[in-house]
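Student: Before anything else, here's the structure in question.
The values are calculated or read from the model by the stated rules, or taken from the named source; none is laboratory data. Since the model is a prediction, treat every value here as computed from it, not as a measurement. When we count neighbours, we look across all protein chains shown, and the Cβ atoms used for this are built from the backbone with ideal geometry, even at glycine.
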Amino acid sequence: MTLTRRTLLKGSAGAAALASLPGCGDPTPTLPQGGPGFRPGEPVPWRNWAGTAWCQPSARLAPADEAGVVDALAQAGPGGVRPVGAGHSFSSLVPTDGALLSLDALTGLGEVDDGARTAWVWAGTRLGQLGPMLEGRGQAMPNLPDIDYQALGGALATSTHGTGTRHGSLSSFVDALVLATPGGELLECDAEQNTEVFQAARCSLGSLGVMTRARLRNRTPFQARESTRFAPIEELLEQAAERARQYEFWEFYAFPHASVGMEIRTEETDAPASPPEPEEPSALSSIRDLAMFLVQLGRPGVAVLDSMLAGQAPSEKVGRSYRVLAHTRNDRFHEMEYTVPAEAGIDCLREILETIRRERIPVVFPIEFRYVAADDIWLSMFEGRAGASISIHQFNDLDYRPYFNQIEPIFWKYEGRPHWGKLHTLDAPRLAERYPHWQAFQEVRRQLDPSGRMLNAHLREVLGA
Ligand SMILES: Cc1cc2nc3c(=O)[nH]c(=O)nc-3n(C[C@H](O)[C@H](O)[C@H](O)COP(=O)(O)OP(=O)(O)OC[C@H]3O[C@@H](n4cnc5c(N)ncnc54)[C@H](O)[C@@H]3O)c2cc1C
């Protein structure tokens, strides 16, 4: 989110109080000290961005080309092999005692079709590198997630998404891909060839092999304007469906306990780019102690929090789409996200907010609400139904479990499907109920990897293999 310390504190009643509170200085995000340390002679241990998953792989592989990926898969030892992108998943998709295979050496554009406006992209390319590359060839991705640190292969493996009723997840932009299989083949897949593999591999959790490249359906480059405003949460809840239809990219954040929310709408524009924003620490980390204190005071404290939020001036940012749609994250956190059917999204969010208030759950991290279009990808959270994706977060130095455990059953009540890359507690039998093409996916997985060399403990649990 674009909330900065400067905008949040400007003119707010809490600014003076804030300065005097302990722990309210500039935050330095810290990782928990989980996982093995470096041991000479062994590969460097791996840990994810959030510090929720780690491993000591027996080998780290970074093949230089597509043939090298096939060789690496063939040579990986009995401990198996896991592809890794940028390590930005919260769930334990990546950890392995076997070989960790990175596509960091396979980046950039392959063949570009100007007429069809498609481009082959190597799967190790970070989304943040991709925007300027595509613009140089007269193309842009139609949408982006909140951040752009992910590798393309990692983002596609979990059906990573942005917001907008007219846009599916990034996986839905793929119209062909190449998969290096555990059996040593390079399979090109699209709607005409290897179609079942195509349906499975556009969101595969890295369980089918290694995607080396994908062909993306793009659009022409565009300038975007992001407008942020604070509004009564009731207004945002009531108008959500209508405003999401009105604006191509629309979302909002609900502040737990408060009656004010933050709307972010992004539109195409011809306006000139705004000056670069100054680097500053996140407002959220800066005010968390104060906000927590106010929330724990009960009604009078929440009234102060409301007035702080309501007093925020609207803000705007204009620039190239890939600079505006993706953001920098200065807070480190844990996250759970479920996608419920779009039409149930607001009811589900209302129940979450009511539960937080009723149970006095001590949380101040805003809840993100986004709409995403339906697709036909077997394990995509948006398969067969347009979705409302609701994300709850907790600062990563606080225990997220009591909060997430209270909220997760609400997502289940609304037929939620968890984001594969975020925290959840569902196992294979309960996930299978949520995906009509579950068995078809399993069939493809068994054919491509009969001995389960691509699986780790987490995948065995969520895929039931
Ligand atoms: C701060 C933050 C913000 C986020 N914002 C969003 C958001 O706005 N929207 C959203 O949907 N998600 C979001 N996420 C989640 C994130 O996009 C996903 O978890 C994504 O999968 C991470 O990509 P990665 O490159 O880091 O992959 P990793 O986490 O390294 O790996 C993810 C999966 O991809 C597999 N994989 C990686 N490369 C390949 C390959 N070449 N072939 C096959 N499989 C492969 C891995 O085996 C693993 O199963 C966010 C995460 C963080 C930490």
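Residues are listed down the side, and each one gets a yes or a no for (1) within 16 Å of the ligand (Cβ to nearest atom); (2) not assigned by TED's automatic domain parsing to the domain that holds Ala291:
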position	(1), (2)
Arg358	no, no
Pro366	yes, no
Ser391	yes, no
Asp399	no, no
Tyr403	no, no
Pro409	no, no
Arg430	no, yes
Trp438	no, yes
Gln442	no, yes
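Student: Any idea which residue in the stretch 90-116 is farthest from the ligand (Cβ to nearest atom), counting only those that are buried (at least 17 other Cβ atoms within 10 Å of the Cβ) and more than 17 Å from Val210 (Cα to Cα)?
Tutor: It comes out as Val112.
Student: Being surrounded by fewer than 17 Cβ atoms within 10 Å (Cβ to Cβ) and either more than 8 Å from the ligand (Cβ to nearest atom) or in a loop (DSSP other than H, G, I, E, B) (or both): is that true of Asp148 here?
Tutor: no
Student: Please give the strands (runs of 3 or more DSSP E) falling wholly within the stretch 174-234 in which 3 or more residues are over 23 Å from the mean Cα position of the chain (by Cα) and away from the ligand (no atom under 12 Å from the Cβ).
Tutor: Output list reads 186-190, 223-232.
Student: Failed condition for Phe198, given (1) out of contact with any Cys (no Cβ under 7 Å at 6 or more places or on another chain); (2) among the aromatic types (Phe, Trp, Tyr); (3) within 28 Å of His458 (Cβ to Cβ), with all others met?
Tutor: Of (1) out of contact with any Cys (no Cβ under 7 Å at 6 or more places or on another chain); (2) among the aromatic types (Phe, Trp, Tyr); (3) within 28 Å of His458 (Cβ to Cβ), only one is false for Phe198: (1).
Student: Pull up the stretch 73-89, narrow it to residues that are more than 6 Å from the ligand (Cβ to nearest atom) and under 28 Å from the mean Cα position of the chain (by Cα), then point me to the one that is surrounded by the most Cβ atoms within 10 Å (Cβ to Cβ).
Tutor: Val81
Student: Let me ask you something else. Tell me whether the stretch 264-287 contains one or more residues that are buried (at least 21 other Cβ atoms within 10 Å of the Cβ) and modelled with pLDDT of 95 or more.
Tutor: yes
Student: While we're here: Quick check on Asp146: is it touching a Ser or Thr at 6+ places or on another chain (Cβ under 9 Å), among the charged types (D, E, K, R) and closer than 24 Å to His327 by Cα?
Tutor: yes
Student: Let me ask you something else. Tally up the residues in the stretch 98-127 that are in a loop (DSSP other than H, G, I, E, B), touching a strand residue (DSSP E or B) at 6+ places or on another chain (Cβ under 7 Å) and not hydroxyl-bearing (Ser, Thr, Tyr), please.
Tutor: 7
Student: If you don't mind, there's one more thing I want to ask. If Ser171 satisfies every condition in (1) under 18 Å from Trp49 (Cβ atoms); (2) touching a residue at least 60 places away in the same chain (Cβ under 8 Å) but one, which is the exception?
Tutor: Checking Ser171 against (1) under 18 Å from Trp49 (Cβ atoms); (2) touching a residue at least 60 places away in the same chain (Cβ under 8 Å), the one that fails is (1).
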